[in-house]
Amino acid sequence: MTILYGIKNCDSVKKAKKWLEQENIPYQFHDFRSDGLSPVLLQEFIISADLPSLLNKRSTTFRNLTDDIKNNLTDEVMVEIILAQPTLIKRPLLKHNQVFLVGFKDSQYQETLL
């Protein structure tokens, strides 16, 4: 089973979707805005990919955080802010069997999925 996590209007997510469709790889899309993000799902992400690599520090959402939050990013704070604002997760996040890929890189997808 392949699941693509992200938000539908993200350019990187669009590229990943296009790649999957061109390669005829069936997948399920999980939109963080409409489908949400549970603590259990976030924990699964954290176990498979380390927490700092999941946090998208280039996002508008991150830039809008207070300096107090940005300067005190413990694991607990990161979990709390990601659960409150799932768009802080680097996108897309692809789960294929038990492998997680953060971000979209054509070569990484080829190596993992083909």
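The values are calculated or read from the model by the stated rules, or taken from the named source; none is laboratory data. All values reported here derive from a predicted model rather than from experimental measurement. All Cβ positions, even for glycine, are placed from backbone atoms using ideal geometry, and neighbour counts span all protein chains on display.
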**Study point:** So L55, is it in contact with a helix residue (DSSP H, G or I) (Cβ under 9 Å, 6 or more places away or on another chain) and surrounded by 12 or more Cβ atoms within 10 Å (Cβ to Cβ)
**Key:** yes
Check your understanding: For I47, are the conditions met, namely being at pLDDT 95 or above, under 14 Å from the mean Cα position of the chain (by Cα) and among the β-branched types (V, I, T)?
Key -> no
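Given the options N71, N97, name the one that is touching a residue at least 60 places away in the same chain (Cβ under 8 Å) and surrounded by fewer than 17 Cβ atoms within 10 Å (Cβ to Cβ).
N97
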**Study point:** Qualifying positions in segment 1-16 - outside any strand (DSSP E or B) and in contact (Cβ under 8 Å) with a residue 24 or more places away in the chain
**Key:** M1, I7, K8, C10, S12, V13, K15, A16
